[in-house]
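Note sheet for the following structure.
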Amino acid sequence: MSWSDIIESQISPNPPRLTVEEAILIYEEAELNELLHVAHIRRKQMIRDNEVTYLVDRNINYTNVCTINCQFCSFYRPPGHPEVYTQSVEQISERISELEKIGGSRILMQGGVNPDLPLSWYTDLLSELSHRHPDIDLDCFSPIEIEGIADVCGLSTFEVLSKLKAAGMDGLPGGGAEMLVDDVRMDISPLKGSADNWLRVMGEAQKLGLTTSATNVFGFGETPSNRVEHMDRIREMQDGAISEGRMGFTSFISWPVQLENNSFGKRNRGSNRVELGASSSEYLRHLAVSRLFFDNIRHIQASWPTMGLEVAQIALLGGADDAGSTMMEENVVSASGTDRTEASEFELQRIISMAGFIPRKRDSRYNLLEATRLFEIEAVAPPPFQN
Ligand code: SF4
């Protein structure tokens, strides 16, 4: 089959599941506009409403101490470095109070793998936060942080997750997936562990009923085949979760690696230059393929922090159905060179409305919430009828 045959087959009311080989072919060869168009049709088949969701939340990066040394990370500091910090319960709670004042519904709290924090530090923090802020979803940590806590306390990752959940944690965001291809992982963050490890910890979180999302950072010099392999690992795991009656991943979120202020970005200089990161059109291609590939994940999120609000807006017409979240004080990705660390609810409503959709505020599990329309497009009066 040619790429156009594959694209054609994806427009039918009951499109066949895209195989790995077909996904690689359209990734490499399909004309971008056609790909975006078909991804948009698929999005309308999967989510019939003319709505795009967004979340009002806050990122909290509770510690920058980390021993993992990912080459693309500009955020972490090794133990003993003069710039290390760990936030107190009071500092974190104050940030959540600020979020509550603007109608936010969740925090995304992530940090480094800090060997000085015992399990009780995390459970005490979660208990206190869930007591003080009962209406805020606490989506916290990532598989590598869970493994770090397990190493410190000598329990299994499942036991750690169980204790964190009992203390008040609502979700485990899918940070740290990057590329679920071991050759790539060994190249960019050898201490982070295998793809199997990430999938195992996320699967444990799903078994415990925690909210989970699947992420994907790309642009490390990997091939389209590697990128589709990443998607295939996620799709396979999602099949398993659904067959066992679980929700699985709520969404798939991808973005290109950022190259400022980290040793990985320096590889892009000099005579052995390899093309790293991704252009806007490559990002849109990636997102469109992900929409077609994931027939079992309902929500595909546009990434404004790395691509900018304008490209995220185009993504809403090329397969994405969610504009992401306000973030309010993102520190990890922005340390590697993004221009913005937060967007207001007004800005998200504006890009959604200007793309022709109705903005809908949601929570972490994609339940719709009441919200004031902050941005309205004035209806354009039809031209007068003339005989
Ligand atoms: S990406 Fe996360 S795990 Fe890797 S060095 Fe940065 S903080 Fe540590």
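For residue 17, put the label point 7 Å out on the Cα→Cβ axis and report which residues of the stretch 46-83 keep their amide N under 14 Å from it.
It comes to no residues whatsoever.
Sorted from largest down, give the three principal axis spans of the alpha carbons of the stretch 97-183, whole angstrom values.
44, 29, 20
What is the packing order of peptides 169-176, 203-210, taking the mean over residues of other C-beta atoms within 10 Å and listing the highest first? Don't jump to the answer; show the numbers that get you there.
Values: 169-176: 23.4, 203-210: 18.5.
Top of the packing list down: 169-176, 203-210.
Sticking with the crude label model, points 7 Å out along Cα→Cβ, report the distance from residue 120 to residue 32 in nm, one decimal please.
If labels sit at residue 120 and residue 32, their model points lie 5.6 nm apart.
Of the peptides 45-51, 1-7, 311-317, how do they stack up when ordered by the mean number of other Cβ atoms within 10 Å, highest first? Numbers along the way, then the final one.
Details: 45-51: 13.0, 1-7: 15.4, 311-317: 22.4.
Averaged packing, sorted descending, gives the order 311-317, 1-7, 45-51.
If each residue of separation counts as 0.36 nm, what is the full-extension length gain between residue 374 and residue 94 once their alpha-carbon separation is subtracted? Mind dumping the intermediate values first?
Numbers: separation 280, 0.36 × 280 = 100.80 nm, distance 2.57 nm.
This chain segment gains 98.2 nm when fully extended.
Assuming R0 = 30 Å, what is the FRET efficiency of residue 153 and residue 365, from their Cβ-Cβ distance, to the nearest 0.05? Please list the in-between numbers first.
Values: r = 29 Å, r/R0 = 0.95.
Calculated transfer efficiency: 0.55.
Take the Cα coordinates of the stretch 68-135, assign each an equal point scatterer, and use the Debye formula without solvent to give log10 I(q)/I(0) at q = 0.16, 0.23, 0.25, 0.27 Å⁻¹.
-0.68, -1.09, -1.17, -1.25
Return the inverse of the average 1/r over all pairs of distinct C-alpha atoms in the stretch 162-298, which is the Kirkwood hydrodynamic radius, in Å to one decimal. Numbers along the way, then the final one.
Values: mean 1/r = 0.0628 Å⁻¹.
Here the Kirkwood hydrodynamic radius works out to 15.9 Å.
For the stretch 95-107, take each phi angle, set θ = phi - 60°, evaluate the Karplus expression 6.51 cos²θ - 1.76 cosθ + 1.60, and give the result in whole Hz per residue in order, putting x for glycine and proline.
Taking θ as phi minus 60°, the curve returns 5, 5, 4, 5, 5, 4, 5, 9, x, x, 10, 7, 10 Hz for the stretch 95-107.
Between rounded, prolate and oblate, where does the stretch 27-81 land on the alpha carbon gyration tensor, with a ≥ b ≥ c its root eigenvalues, rounded for a/c under 1.5, else prolate if a/b exceeds b/c? Walk me through the numbers on the way to the answer.
Values: a/c = 5.63, a/b = 1.99, b/c = 2.84.
Oblate is the answer for the stretch 27-81, as a/c is 1.5 or above yet b/c matches or exceeds a/b.
Hey, what angle do you get for helix 157-167 against the long axis of the chain, alpha-carbon based, 0 to 90 degrees rounded to 10?
Taking Cα atoms only, the helix is inclined about 90 degrees.
Over the Cα atoms of the stretch 11-119, Rg to Rh with Kirkwood Rh, two decimal places?
Details: Rg = 21.8 Å, Rh = 18.6 Å.
Ratio of gyration radius to Kirkwood radius: 1.18.
When N counts the residues of the stretch 26-185, how does its alpha-carbon radius of gyration compare numerically with 2.2 N^0.38 Å, as a ratio?
Taking N as the residue count of the stretch 26-185, the ratio is 1.26.
State the cysteines of the chain left without a partner when partners are defined as other cysteines whose beta carbon lies under 4.7 Å away.
66, 140, 153
For each pair in 165/361; 44/192; 207/361; 165/266; 266/361; 163/266, compute the distance between the two Cα atoms and list the pairs where it is over 30 Å.
Values: 165/361 25 Å; 44/192 37 Å; 207/361 27 Å; 165/266 40 Å; 266/361 39 Å; 163/266 40 Å.
Those over the limit are 44/192; 165/266; 266/361; 163/266.
Using every pair of alpha-carbon atoms in the stretch 203-253, split the distances into 5 Å bins beginning at 0 and state the percent of pairs per bin, rounded to integers.
With a bin width of 5 Å, the distribution comes to 5, 20, 28, 21, 12, 9, 4, 0.
How big is the chain in terms of Cα radius of gyration and Dmax, in angstroms?
Answer for the chain, Rg first and Dmax second: 20.9, 83 Å.
If I take R0 = 35 Å and measure r between the Cβ atoms of residue 86 and residue 166 in this structure, what FRET efficiency does the formula 1/(1 + (r/R0)^6) give, to the nearest 0.05?
Numbers: r = 23 Å, r/R0 = 0.65.
Calculated transfer efficiency: 0.95.
For the chain, what is the accessible area per residue in Å², given a 1.4 Å probe and the full set of protein chains?
43 Å²
Roughly how many percent of the accessible protein surface of the stretch 1-144 is carbon and sulfur, given a 1.4 Å probe and a whole-percent answer? Walk me through the numbers before you get to the answer.
Numbers: 3150 of 6420 Å².
Carbon and sulfur atoms account for 49 percent of the accessible area of the stretch 1-144.
The values are calculated or read from the model by the stated rules, or taken from the named source; none is laboratory data. What you see is a predicted model; the values in this text were computed from it and never measured. Cβ: placed from backbone, ideal geometry, glycine included. Neighbour counts: every protein chain shown. What goes into the accessible areas is simple: the full protein's heavy atoms, side chains included, and nothing from ligands, DNA or RNA. Shrake-Rupley method; radii C 1.70, N 1.55, O 1.52, S 1.80 Å.
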